[in-house]
Amino acid sequence: MLNQHVLVLNRLWQAVNICTARRALTLLFQGQAQAVLSAEDGSFRTYNFTQWFDFSLREPHPESVKTISFQIRIPRVILLVVFDRMPKKEVKFTRHNIFERDKNTCQYCGHIFDRKDLNLDHVIPRDRGGPTTWENIVCSCIECNTLKANRTPQEAGMKLHYVPYVPNRHEAFILGNRKILGDQMEFLIQGVPKNSRIHLGA
C-alpha cells in the first residue's frame with residue numbers, strides 16, 4: 001500500500017513527479033505538501049496533514065494505512081506548498097515506449113498488432129545515416145517491414161501514417177507509470193497534445 005503511486009503537483013498545480021505513498025505522507029506530515037481531493041462539482045480541495053487526518057477518520061477508505069492507534073487515507077495527488085519549478089522530464093527511449101507511443105500500430109499500413117508481430121523500423125535506414133532516435137523509429141508490422149526493406153518510405157512507395165516524435169513531459173508520466181488513476185489523469189491530460197497517440201484512459 002505504501003508503494004502506491006501518488007502524483008505530485010508543484011505550487012502552480014502542474015504535474016512534476018510521481019512518488020510513493022510513503023513519501024507523499026511524509027511530505028504531508030512535514031507540512032511540505034497538501035493532499036488534493038476532487039469534489040463532486042469538479043473542483044479540487046486541499047488538505048493539510050491535520051485536516052487530512054480528520055477527513056480520514058470521518059470518511060474511511062479502503063486505500064488507507066493503518067497503525068496501532070489510527071489510520072490515514074493515502075492521497076492520490078499532493079500539492080507541494082513552496083516548489084514552483086518545472087523539472088525537466090525526459091521520456092526514456094525504449095522499445096516499450098515506442099510501442100506505447102505508436103499504440104501497437106504499424107505506422108505504414110495502420111493496422112494494430114500484437115507486439116510479437118511488430119518490429120521497430122528506421123524510417124531513414126541506418127546505413128543511410130538514419131539515427132536510432134524517437135524521430136526516426138516507428139512501429140512496423142513484419143509484412144510492411146519486409147516490403148520497405150532497406151529503403152526510405154518514399155523509395156518504397158509507402159507513406160507514414162504519423163510523423164514520429166519525442167513524447168512531451170506529460171506523456172512521459174503516462175508512459176512511465178501504467179497505473180494512472182482517473183483523478184491523477186485530470187492533471188496530466190492538460191499537457192498532452194490533442195494529436196498525441198498515447199492512450200489517455202485511466
Surrounding net charge for ARG45, when Lys and Arg each add one and Asp and Glu each subtract one, Cβ distance under 15 Å: -3
Footprinting exposure proxy for ILE78, ILE137, ILE18 (fewest neighbouring C-beta atoms within 10 Å first): ILE18, ILE137, ILE78
Over 24 Å (Cα to Cα) - which of LYS103/LYS159; LYS66/LYS92; LYS92/LYS148 fall in this group: LYS66/LYS92; LYS92/LYS148
Modelled FRET efficiency - R0 35 Å, VAL163 with MET1, Cβ distances, 0.05 increments: 0.25
Cα shape, region 1-109, gyration tensor, a/c 1.5 rule: prolate
Under Karplus coefficients 6.51, -1.76 and 1.60, residue-wise ³J(HN,Hα) of region 93-101 in Hz, glycine/proline x: 7, 9, 4, 4, 6, 5, 4, 5, 4
Potential extension, THR94-LEU12 segment - 0.36 nm per residue separation minus Cα distance: 26.4 nm
Ranked list, fewest to most other Cβ atoms within 10 Å of each Cβ, for SER64, SER140, SER43: SER43, SER64, SER140
Those chymotrypsin sites (Phe, Trp or Tyr not before Pro) in region 23-122 that DSSP places in a loop and that have at most 11 other beta carbons within 10 Å: PHE70
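Every number here is computed from the coordinates shown, using simple stated rules; none is lab data. Everything numeric here is computed off the predicted structure, so don't read it as measured data. Every residue, glycine as well, gets a Cβ built from its backbone with ideal geometry; the counts of neighbours run over all protein chains shown.
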